[in-house]
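Worksheet: the structure to be examined is printed underneath.
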Amino acid sequence: MDLTLNHFLFVSGALFAIGLAGVLVRRNLIIIFMCLELMLAAANLTLVAFSRYHLVDGQPAYDAHVFLFFIITVAAAEVAVGLAIIVALFRSKGTTDVTQVNTMKY
């Protein structure tokens, strides 16, 4: 049995749904951040799947793979900044619960 585009899109949709459920349900900032990264990975999987199955002159178009490296680079910078913000909030408030963190309120 060959893998088709539908298989990749199903896995990507499932990963995105798990990430979205985690963002909406969980209250821990670190878990929410990990779920956001999971959603980004699902979007990357979709991008690569569509790139792989889009044929140009009978060959797969690998242009999206180059774009994917830029997305991964931006995601790494996002992780560094996001974790720094989470650590700063934890040091000032002593918790990572989003219901307890109301720094932007005042």
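The values are calculated or read from the model by the stated rules, or taken from the named source; none is laboratory data. Here the structure is a predicted model, which means the values were calculated and not measured. Methodologically, a virtual Cβ is constructed for each residue, glycine included, from the backbone with ideal geometry; neighbour enumeration extends over all protein chains shown. When the accessible area is computed, the model is the full protein with side chains, heavy atoms only, and any ligands, DNA or RNA have been set aside. Shrake-Rupley method; radii C 1.70, N 1.55, O 1.52, S 1.80 Å.
For the reader, a short list of remarks on this structure follows.
- On the stretch given as the range 1-22, residues that are of a type in the set (Ser, Thr, Tyr) and in a helix (DSSP H, G or I) total 1.
- Residue match in the range 28-49 (condition: at pLDDT 90 or above, farther than 30 Å from Leu3 by Cα and not hydrophobic (A, V, I, L, M, F, W, C)): yes
- Applying the condition of being among the hydroxyl-bearing types (Ser, Thr, Tyr) and open to solvent by less than 60 Å² (accessible area, probe 1.4 Å) to the range 72-106 and asking which residue is farthest from Leu5 (Cα to Cα) yields Thr95.
- Across the range 1-22, the qualifying residues are those that are under 13 Å from Ala49 (Cβ atoms), open to solvent by 100 Å² or more (accessible area, probe 1.4 Å) and among the hydrophobic types (A, V, I, L, M, F, W, C), and the one among them that is farthest from the chain's Cα centre (by Cα) is Leu3.
- Subset of the range 23-71 (residues that are open to solvent by less than 50 Å² (accessible area, probe 1.4 Å) and not in a helix (DSSP H, G or I)): Pro60, Ala61
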